[in-house]
Protein chains: 4
Amino acid sequence: MTVTAENWLEGLVDEIRPALYGGAVSGYLPEFEAARVDDLAIAIDYGADGILTAGQCHSLFTAQSVVKVFTLLLALHHRGEDYVFERVGCDQGIGSYNSLETFIRGSGVPVNPFVNAGALVVVDMLPGSDPDSRVRNVVDFIRALSGNTSIGVNTGVARSEHTLADRNRALGYFLRSHRLISTDVEELLWAYCQMCAIEVDVVDLARAARVLAQARDVVVEGQVLRAAHLRLVRRLMLFAGMYEASGQYACDVGIPAKCGVSGATIGVVYQRMGIGVYGPALDRSGNSVGGLRVLRQLSGTLDFD
Amino acid sequence: MTVTAENWLEGLVDEIRPALYGGAVSGYLPEFEAARVDDLAIAIDYGADGILTAGQCHSLFTAQSVVKVFTLLLALHHRGEDYVFERVGCDQGIGSYNSLETFIRGSGVPVNPFVNAGALVVVDMLPGSDPDSRVRNVVDFIRALSGNTSIGVNTGVARSEHTLADRNRALGYFLRSHRLISTDVEELLWAYCQMCAIEVDVVDLARAARVLAQARDVVVEGQVLRAAHLRLVRRLMLFAGMYEASGQYACDVGIPAKCGVSGATIGVVYQRMGIGVYGPALDRSGNSVGGLRVLRQLSGTLDFD
Amino acid sequence: MTVTAENWLEGLVDEIRPALYGGAVSGYLPEFEAARVDDLAIAIDYGADGILTAGQCHSLFTAQSVVKVFTLLLALHHRGEDYVFERVGCDQGIGSYNSLETFIRGSGVPVNPFVNAGALVVVDMLPGSDPDSRVRNVVDFIRALSGNTSIGVNTGVARSEHTLADRNRALGYFLRSHRLISTDVEELLWAYCQMCAIEVDVVDLARAARVLAQARDVVVEGQVLRAAHLRLVRRLMLFAGMYEASGQYACDVGIPAKCGVSGATIGVVYQRMGIGVYGPALDRSGNSVGGLRVLRQLSGTLDFD
Amino acid sequence: MTVTAENWLEGLVDEIRPALYGGAVSGYLPEFEAARVDDLAIAIDYGADGILTAGQCHSLFTAQSVVKVFTLLLALHHRGEDYVFERVGCDQGIGSYNSLETFIRGSGVPVNPFVNAGALVVVDMLPGSDPDSRVRNVVDFIRALSGNTSIGVNTGVARSEHTLADRNRALGYFLRSHRLISTDVEELLWAYCQMCAIEVDVVDLARAARVLAQARDVVVEGQVLRAAHLRLVRRLMLFAGMYEASGQYACDVGIPAKCGVSGATIGVVYQRMGIGVYGPALDRSGNSVGGLRVLRQLSGTLDFD
């Protein structure tokens, strides 16, 4: 039997699976509990060379924190770099992603757009006259990036998260007390919960990631996404995308990536590939065990910096 | 002319007045701006020996953070010491009274009952089936302590504060995410704003403070306030009552006291006197310049520890 | 048999002893390991009314952090209050007594004279042309306060501590980088280690504490210790003397006190008594289990604030 | 006149020079004061394509913190990745490079090898039976990387820094109290000061940087520097090389680089170039104004990620 790329990826799934049992499915939302600790699906979009998949690649899951990558890019596109980085930092940060240590002392500015406080500031910047239209704009943006017009919000998950949002609500009111957001906090939170609950599959993530991998300006549905913004998003993903494990991840793996609590993982290899992984088993830092393993294996086989 | 106690106090007012110009009236609420920087009123309740006053001693002002002394005592009375101090610390703390540094790392427990987060936890413990009845219970409690049945809430000030309460709202939701409060945060905040807006004069404060000065259990309107609770409140006032200036105040002056942003100040000299001061000029730590001066002068003339 | 004061104190020892097994003798220095977890000795100096003792009241032990009380008083006497509190804070502080969190952010000033960094600053202020003469001055001062001219330094313990002093050395160099000390750090440390190793018994501590309890200026060997300085020392002991348990201790017990890692404990009841306890079993905050129990029991029988 | 690469670089110097006046030469050591705020020299090593220079490219200056790049690489080579990163973190960190906030809470491990505490841990790991032989090994290593056998230590600058080293001494003793270093702190510090005082010119830095830019294992004087170690060093430089400006630098410029307080700057473009800059005018974060400008300009003309 010939070793094709397709069965190499299936082999990778088999190789990684045992490690998944060392992680745990998040208990954050009751909806996550349906996931199995050994679920693992992968899609890699090579651009012109096509797309490779392994595992249940059409199973849907919610993007959760992976959506922060898309909201950041949309905010950069809509507002420009200066506006965005006056209201949110670009540091790696310390402490847990939803803790009170994710604000810069004094100014109250969140350390980066991927901690929850920073993501809320970004949602406040998105285009749309009201929170609902912002959610639609984010859904449309992800549809355009992935080429899948059936993408939508899982309202049940959004509602479920909304009932547990007291910590994020605290972050929101703290931001408003520093005048870093202008939207009503309740509306902002509901928009944020809906964005986190956008449902995708690994192919959607891989296709969207392939766009992020571009070296040049990209035209998506008539809008020009600037190369400088794509690069900024990749760089932040590289060194701040993995919560408190970001530094170690950047040193060890070095592929710009972002995980979500659902197990969603997105990775971007400059000019070469977009990666989508679904692996709901999480490690102690809240990152997907399977997602990280896939990225680590790929980084070992690629020649990049 | 003979130097009587009464004109000694008037002399003290004259002596202190020039220092008031070094402070500033708070701009926190528009209602405070009516106050004059050189306003100063004092009342001292000597118990059986009567009450001395100087300045506009029947002018009304809102208690603001001074109310935290009474809510703490009422919570101790209602819930007992163990219940209260499982949910709020008894440390001096560092950082500003409404900052995110007023929580103990990890547990999320506020450092003491006088920082805003701690005061919110205390309001959550007060007797009453709903927030409004808690406000009434606090009003009734202060009426009983001061013997003035006309005390009530200045609803305009409460509403004004409520519109500016985003920082306190953030503190409230943070507490709820740590399950340290059970009331709805919005209702809790509205109750808190009303309690801060209870209107008193310096005689009311002096009379209530005289009760706090007791060495033995006190019966107030049929309720027995335990000596141990009075002592606890005095001790916390001693070393945690003056925001970030608490340590220096405890060393220099040593009279258990508490200031509010309106300029309200209460002081308690064990077994001897209750002190009420109104001095809206505040120093950089947010304490009343006049209030502190009165207490410092008294501490120099008294023999106590 | 009549219940005399003497056998009341022996009864107290018996009552407290079982609790000692819940603590542990410090392993910080090998010399401490000779101590037994159930050792307990008490002395109470009532002034004119004489001195009561229980347990092995003439056993010697090193003062350790208890000496910080005497070095502070001597520095205040020698330099005055303003000089001292420009170089060391008077806040309760947070964090462990020898941690890097005991400096005030920015200025590098230690939070109070009882954390190690603060104690080093105080040693730098003591009278004496060189570190050795400073040690002699502290020994002489404690001899004078306790009326025991045989008090001296246990050089073996001092040397033992000196070999383990890297953390304190770090604190010392940090202070020097902020220009808060001027002595050579090595000399300062050796002086500090010797001061911590001054050997006393509980009667010495009780007698010295009785001097600290005075309401008025005290003449000790021709020197006038000012009442204001005694009061300052008592107040700091009250709210900052028990490491991270200081706030709870101040609320619960309220007797100005200080413990050392050897189990040495000193307590001061204003105008009434000086207390010395030796109880090497320590609790998790590093305070003497026996020392705290004795003080708690006494606070329950005394009428003070 | 034709625009050659050589005169393009001279043009760059002219373009950047006005911005230098917005910075300031460090007053940290008296030796730095001889530098002129508008000094600027650049060398770029293109590998086989030769080396370009502009400005006073043979003026000597001390490497200062730039040496941390070489000591890290030598430690990785000598001890391996696991040994190194058990004793020092790989996070971006917050706070100033020599502050007490550069330790990870609890463990006392420095946040990364480029803050002073981390660099001291790295010096402790270097090959050599004693501190002096470690210094020689670092000198030899830099000689080998740059191909310049005349490189040596400026002992005057080393001595000058050593007299000002109290903050670093504090960091050293703190590390030893956590058992993170085993060398005598004084010897370690003297070795560190000498390493910081290694004198180079921009051509030396460019040539050494060109080695760091390699994709594959490199043989330097018979030793095999592993590609994985070169990559690790580049990645840490990328996101932690610019003190507190590291995050912003990584997003904006994205070329792995490191500055020193002397104005020394090194930059590494993967597989393409090694960059050395000397520009003693520093910005408020302590980075070289000229060094950063050169790197920013280059990043705009290069196609990399």
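The values are calculated or read from the model by the stated rules, or taken from the named source; none is laboratory data. Since we're looking at a predicted model, the values are computed, not measured. Neighbour counts are summed over all protein chains in view; Cβ atoms, including those assigned to glycine, are modelled from backbone coordinates with ideal geometry. When the accessible area is computed, the model is the full protein with side chains, heavy atoms only, and any ligands, DNA or RNA have been set aside. Shrake-Rupley method; radii C 1.70, N 1.55, O 1.52, S 1.80 Å.
Structure notes:
- For segment B:274-305, a drop of 20 Å² or more in accessible area on going from the chain alone to the assembled protein chains (1.4 Å probe) is found at B:Asp303, B:Phe304, B:Asp305.
- For D:Ile181, the residues whose amide H sits under 5 Å from its own are D:Arg176, ignoring neighbours fewer than 5 places away on the same chain, with H placed 1.01 Å from N.
- With K and R counted +1 and D and E -1, the other residues having a Cβ less than 12 Å from that of C:Arg17 yield a net charge of -3.
- Dividing the summed -39500 (n - 2.57) terms of all DSSP H runs of n ≥ 4 by the residue count of chain B sets its mean residue ellipticity at 222 nm at -14000 deg cm²/dmol.
- A 1.4 Å probe run over the protein chains yields, for the protein assembly as shown, 36 Å² of accessible area per residue, whole-number rounding.
- D_trans [Stokes-Einstein, Kirkwood Rh over alpha-carbon pairs] for segment C:5-300, 25 °C, 0.890 mPa s, µm² s⁻¹: 131 µm²/s
- With R₀ fixed at 51 Å, the C-beta to C-beta distance from D:Trp8 to D:Asp140 puts the FRET efficiency at about 0.90.
- Apportionment of accessible area to carbon and sulfur, the protein assembly as shown, percent (1.4 Å): 46 percent
- Highest mean packing comes first when the peptides A:69-82, C:27-40, B:188-201, D:212-225 are listed by Cβ atoms within 10 Å, giving B:188-201, A:69-82, C:27-40, D:212-225.
- Taking the Cα atoms of the protein assembly as shown, the ratio Rg/Rh between the radius of gyration and the Kirkwood radius comes to 1.01.
- Charge sum, other residues only, whose C-beta stays under 11 Å from D:Leu205's C-beta, Lys/Arg counted +1 and Asp/Glu -1: 0
- Label geometry 7 Å along the beta-carbon vector: C:Asp49 inter-copy distances in nm: 2.6, 9.2, 9.3
- Using the Cβ-Cβ distance between D:Arg284 and B:Glu81 with R0 set to 60 Å, the FRET efficiency from 1/(1 + (r/R0)^6) comes to roughly 0.75.
- Partner shielding of A:233-242 amounts to 4, given as the average count of beta-carbon atoms from other chains within 10 Å of each residue beta-carbon.
- Approximate shape of segment C:233-305 as ellipsoid semi-axes (Cα gyration tensor, √5λ), whole Å, largest first: 17, 13, 11
- The phi torsions of segment A:149-159, fed into the Karplus equation with coefficients 6.51, -1.76 and 1.60 and a -60° offset, translate into couplings of 7, 8, 5, x, 8, 8, 5, x, 5, 4, 5 Hz, rounded to whole numbers, with Gly and Pro shown as x.
- The reciprocal of the average 1/r between distinct C-alpha atoms defines the Kirkwood hydrodynamic radius, which for segment D:132-281 equals 16.6 Å.
- Per-residue mean of C-beta atoms belonging to partner chains within 10 Å, peptide B:251-260: 3
- All other residues whose Cβ lies under 9 angstrom from that of A:Tyr173 are scored, Lys and Arg at +1 and Asp and Glu at -1, for a net of +3.
- Directionally averaged shadow of segment D:1-148, computed from the convex hull of its alpha-carbon atoms, nm²: 12.1 nm²
- For segment C:180-192, putting each phi into the Karplus relation 6.51 cos²θ - 1.76 cosθ + 1.60 with θ = phi - 60° gives couplings of 8, 9, 10, 5, 4, 4, 4, 5, 4, 5, 5, 4, 4 Hz, in residue order, rounded to whole numbers and with x for Gly and Pro.
- Ranked by the mean number of other Cβ atoms within 10 Å per residue, highest first, peptides A:278-290, A:13-25, B:43-55, A:161-173 order as A:278-290, A:161-173, B:43-55, A:13-25.
- Chain A and chain D together bury an accessible surface of about 2500 square angstrom, both sides counted, with a 1.4 Å probe and no ligands or nucleic acids included.
- For segment B:274-301, backbone nitrogen atoms closer than 17 Å to the point 7 Å from B:Tyr46 Cα along Cα-to-C-beta are found at B:274-276, B:298-301.
- Kirkwood-Stokes translational diffusion coefficient of segment A:132-191, alpha-carbon pairs, 20 °C, 1.002 mPa s, µm²/s: 165 µm²/s
- Rounded to the nearest Hz, the phi-derived 3J(HN,Hα) couplings of segment C:43-59 under the Karplus curve 6.51 cos²θ - 1.76 cosθ + 1.60 (θ = phi - 60°) are 9, 10, 9, 8, x, 4, 7, x, 10, 10, 9, 8, x, 6, 6, 10, 5, where x marks glycine and proline.
- Relative contact order [Cα under 8 Å, 6+ residues apart], segment D:5-301, whole percent: 26 percent
- Peptide D:166-178, shielding by other chains (average Cβ, 10 Å cutoff): 6
- A crude spin-label estimate for the pair D:Gln223 and B:Ala34, with each label 7 Å from Cα along the Cβ direction, gives 7.9 nm.
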